[in-house]
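Taking it in order: structure first as structure tokens, then the write-up.
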Amino acid sequence: MTTDQILETAGIPLLLFVILIYYGMRLWFMKDISAIRGKNKPPVKDEENYAKCAGKLMFFFAVATLVMMLLLFWNTYVAVAEIIICTVILGILWHNMNAKYGD
């Protein structure tokens, strides 16, 4: 397998992984929730815990994306199923986090 084939298969998941790590670090370390909430949203109940929990969820999804990228080399259907399951889990956990710390 050549480098071009690897980048063709894993390029988009790798890019998504880097973006998720960036926003996870921005949330976790800088506590910048405006990066994901926007400027026109009302303030959250507990900004520090919201940022920490959202950062953890971003890291979870970054790892899920990395696992999906590795699964793409083995079986595409398994990779798609894994990312769909992780997206549903992320959605549920994000909803719970927003209910607890958000508006």
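Within this structure, Ala99 fails the test of being assigned to a helix (DSSP H, G or I) and surrounded by 12 or more Cβ atoms within 10 Å (Cβ to Cβ).
Scanning region 74-90 for residues that are assigned to a helix (DSSP H, G or I) and open to solvent by 40 Å² or more (accessible area, probe 1.4 Å) yields a count of 10.
The values are calculated or read from the model by the stated rules, or taken from the named source; none is laboratory data. These figures come from a predicted structure and were not determined experimentally. Neighbour counts run over all protein chains shown; Cβ positions are idealised from the backbone, glycine included. Calculation scope for accessible area: heavy atoms of the full protein, side chains included, ligands and nucleic acids excluded. Shrake-Rupley method; radii C 1.70, N 1.55, O 1.52, S 1.80 Å.
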